[in-house]
Structures are given as C-alpha cells and as structure tokens.
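One structure is given here, and the rest of the page talks about it.
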Amino acid sequence: MKSEQEVVKYWLTASKEDFDSAEILCQNKKYHHALFFCHLSIEKILKAIIVRSTEAAPPLIHDLVRLAERAGLDLSELQKNELAEITTFNIGARYDDYKLSFRKKAKKQFSVEYLEKTREILEWLNKHI
C-alpha cells in the first residue's frame, strides 16, 4: 500500500503532466482536447489536496466544484463558476452527443482563455498543498 505522500506525489505529477499536455494540444490547435486536459489537471491537483487534507482516497467524481468543496477550499463565486465551466470540458470531450457542440465552442480564443484560467487556478491550488 502506498503512503499518503506517494499518493499525493502521484496526483501532483499527473496534474502537471496533464497541464503540459493541454499546452501542447492547444499549440497544435487541438483545442477541445486541450480543454479536456485542463479539466484533468485541475481534477488531479484537487484529488492531491483531498488526500493531503483528509488522509483518505479522493471520491470517484469529476465535478471540480464538488471536489474543491470536499478538499475544504473556500471558493469565491467566480472560482465556482470557472470550475463549473471547466467541469463541462470533461463531458464535452468524452461523449459523442456533446462533442459537436463542444468543438464549436472550443475555438482558439476560448481555449487560450481557459488555458490561462487553468494556469491561474493551478497556481492557487498549489498554495493549498
């Protein structure tokens, strides 16, 4: 069984790798995939915070607002709204009935904007590790 420290390190490493992938995908104009990886990077750092703060396994959910609440983070309305929007990237990139509308939304300007928002959120979350 892995120690709490090993599990936290796993989630943090995976979060960083996913954000790196988001940047590469965005540079290569794979915008909807980049946004999906933005979601994954935030989800994984939140799971690291949950493990650190609760000493328990994180829940098997993808809703970033619920994960942040489970982590005990005090979110502003703006943060809640941004996390709720980024949560939709998980659904939009995965399920066929949402993919078409998500691809129409995931254009360069929107994707670059959310890549930067993700970077800011990750910086803030890193202060809570």
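Coordinate-derived values only; no laboratory data. Predicted model only: the values in this text are computed from it and were never measured. Note that each Cβ is placed from the backbone with ideal geometry, even for glycine, and that neighbours are counted across all protein chains shown.
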Among GluC sites (Glu not before Pro) in the stretch 1-103, those in a DSSP loop whose Cβ has at most 11 other Cβ atoms within 10 Å are GLU55
Step through the residues of the stretch 3-18 one at a time and calculate ³J(HN,Hα) from phi using the Karplus curve (6.51 cos²θ - 1.76 cosθ + 1.60, θ = phi - 60°), rounding each to whole Hz and writing x for Gly and Pro. 6, 4, 4, 5, 5, 4, 4, 4, 5, 5, 5, 5, 4, 5, 4, 5
For the stretch 1-54, listing trypsin sites (Lys or Arg not before Pro) in a DSSP loop whose Cβ sees at most 15 other Cβ atoms within 10 Å gives LYS2, LYS29
Beyond 22 Å (Cα-Cα) in this structure, taken from LYS9/LYS99; LYS107/LYS127; LYS30/LYS99; LYS29/LYS80; LYS2/LYS80, we find LYS9/LYS99; LYS107/LYS127; LYS29/LYS80; LYS2/LYS80
By its C-alpha gyration tensor, with a ≥ b ≥ c as the square roots of the eigenvalues, how is the chain shaped: rounded for a/c under 1.5, else prolate for a/b larger than b/c, else oblate? prolate
Arrange the following residues from fewest to most other Cβ atoms within 10 Å of their Cβ: ILE61, ILE91, ILE45. ILE61, ILE91, ILE45
Here the net charge surrounding GLN5, from other residues whose Cβ is less than 13 Å away from its Cβ (Lys, Arg +1; Asp, Glu -1), is 0
Can you show me the helix-derived [θ] at 222 nm for the chain, built from DSSP H runs with n ≥ 4 at -39,500 (n - 2.57) apiece and divided by the number of residues, rounded to the nearest 500. -26500 deg cm²/dmol
